[in-house]
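Have a look at the structure below before the remarks.
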Amino acid sequence: MYRPVKIATPFIVLLVLLSACVPAKRHSDLRFVSRQNVEERDRYRSENIQLSMANRELEARAGTMSAEYEQMKRELDRAVRERDQARSDLSRMDARYRQLEIAQEDLVRGNVRETTRLLSELQEAHANLQQQESRLRQMEANIDQKKIELDELTFELEQRNQRLVELEQILDSQQRAVRELRDKVAEALFGFEGQGLTVSMRSGNVYVSLDEQLLFRTGSYEIDDAGRNALRRLASVLEVNPTIQIMIEGHTDDVPFRSSGGPIVDNWDLSVKRATSVVRELTTGTGIDPARLTAAGRSEYHPVDERSTAEARARNRRTEIVLTPDLTALYNIIDSF
């Protein structure tokens, strides 16, 4: 069962703190770590898609088993009808056999030719009767076997249906939890929406997107007072929801960063440092477990607006906080199939 890898946030924080006084090679290492974080995040999203596909596949398999169940029921009904018809034929043949026996006794001292004919008919009827009895026994055995197979299929179908119900219940519960989390976050951040902050729900996750102007000055990774206030409100929600995993993604525009010899080398550095600044703000003086957080720098490579305008670049300069619910119960159900 796949579980998202939790990256040790304090280790990333230490790397960022040291980046101001280490050589350029260490900056390259930092960019490599950020790319690993991005890969972990993308792999987690891919896992969500696989879970949805697994749910659809399970529903299709349940439909196939239901069709097989109905087909087996029809075959069993047909076999029972054939058995009943065979029993009726056997009863008629048995009555005819007794009639022939009586006729044979009445004529045994009479017409020899008639007696011979009746005796031959009697022997043929007896042979047919034996064949019918053998066929009936075979049909009874087939019916018993079909009943066993039908019972086994019914049990397996009931088990799979029960797991599908449990899976659907967990999915509904997860979606409901995400909606409730979105509402709580939106309520906590009321007043900031429309001022560079949006709260949305995508792919089973809650996204809190903060424009650059709300958190940072241009080219800086120090959080402004307004951004600090917004993050403190968000932290109050995350503290009381300890199962929510938190991914902080830093994004820049496509304008190359002009380094002046400071700790920031390029857009990769800037995006990583902004993400780790948000991590520090969320964990400093709060009850949020740092192990729940992952910082990722995505540089300029995941824009929300592909245009080369000032407005588009302003939209792309953002920090996204991705809140993901606990999927342990969902993975356990998937593993049971």
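Quick look at the values:
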read-out	value
Segment 259-299: number of residues that are basic (Lys, Arg) and under 12 Å from Glu320 (Cα atoms)	2
Verdict on Ile248 being of a type in the set (Val, Ile, Thr) and over 14 Å from Glu281 (Cα atoms)	no
First in segment 45-60 and more than 18 Å from Tyr207 (Cβ to Cβ) and touching a residue at least 60 places away in the same chain (Cβ under 8 Å), second anywhere and part of a helix (DSSP H, G or I) and not basic (Lys, Arg), Cβ under 6 Å, 6 or more apart	Ala54/Ile334; Leu58/Leu164
All positions within segment 89-118 that are surrounded by 15 or more Cβ atoms within 10 Å (Cβ to Cβ) and either of a type outside the set (S, T, N, Q) or modelled with pLDDT of 80 or more (or both)	Asp89, Leu90, Met93, Arg96, Tyr97, Leu100, Ala103, Leu107, Leu118
Close pairs (9 angstrom Cβ cut-off, 6 or more residues apart or separate chains): under 17 Å from Arg179 (Cα atoms) in segment 226-244, hydrophobic (A, V, I, L, M, F, W, C) and assigned to a loop (DSSP other than H, G, I, E, B) anywhere	Leu234/Leu189; Val237/Leu189; Val237/Ile244; Leu238/Ile244; Leu238/Ile288; Pro242/Ile288
Search result, residues across segment 184-199 that are at pLDDT 90 or above and either under 22 Å from Arg317 (Cβ atoms) or in a loop (DSSP other than H, G, I, E, B) (or both)	Val185, Leu189, Leu197, Thr198, Val199
All positions within segment 268-317 that are over 18 Å from Arg228 (Cβ atoms), crowded, with 17+ Cβ neighbours inside 10 Å and either free of Cβ contacts under 8 Å to residues at least 60 places away in the same chain or of a type in the set (S, T, N, Q) (or both)	Leu270, Ser271, Thr294, Ser299, Glu300, Pro303, Asn316
The listed residue being over 30 Å from the mean Cα position of the chain (by Cα), modelled with pLDDT under 85 and among the small types (Gly, Ala, Ser), out of Ala54, Ala62, Ala86	Ala86
Any hit, segment 324-331, residues being more than 30 Å from the chain's Cα centre (by Cα) and crowded, with 22+ Cβ neighbours inside 10 Å	no
Qualifying residue in segment 206-222 (condition: free of Cβ contacts under 8 Å to residues at least 24 places away in the same chain and either crowded, with 18+ Cβ neighbours inside 10 Å or under 26 Å from Arg45 (Cβ atoms) (or both))	yes
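The values are calculated or read from the model by the stated rules, or taken from the named source; none is laboratory data. This is a predicted model, so every value here is computed, not measured. All Cβ positions, glycine included, derive from the backbone under ideal geometry; neighbour counts span all protein chains shown.
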